[in-house]
1. Given Cα pairs under 8 Å that are at least 6 residues apart, what percent is the relative contact order of segment 11-82?
2. Mind sorting 77, 48 by how few other Cβ atoms lie within 10 Å of their own Cβ, fewest first?
3. Looking at the chain as a GNM with Cα springs under 10 Å, which of 27, 43, 57 has the largest mean-square fluctuation?
4. With angles folded into 0 to 90 degrees, how steeply does helix 8-24 sit against the dominant principal axis of the chain? Use alpha carbons for both and round to 10.
5. Classify the chain as rounded, prolate or oblate, taking a ≥ b ≥ c as the square roots of the eigenvalues of its Cα gyration tensor: rounded when a/c is under 1.5, otherwise prolate if a/b is larger than b/c and oblate if not.
């Protein structure tokens, strides 16, 4: 799969958000792709090459920790609004 990278400030921000999330929320905070260590494109992303873009997992009504699109039925629209 390859090694992924991010800029130090980006990782620090992700940890800060995750810590605040876990202080009030039972569901886990999910991070997906950031970027490959060598900065090359990888599917399905046309970005994610410089360590500044990050995929944050959407809240799901079924509680699963898996990727999805906001347009899918499992997306928790109500929780995303709050």
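Throughout, read-outs are computed from the coordinates displayed, never taken from laboratory work. Just so you know, these numbers come straight off a predicted model, no measurement behind them. Here Cβ is always computed from backbone atoms with ideal geometry, including for glycine, and neighbour counts include all displayed protein chains.
1. 23 percent
2. Starting with the residue having the fewest Cβ neighbours, the order is 77, 48.
3. Its mean-square fluctuation being the largest, the pick is 43.
4. 10 degrees
5. oblate
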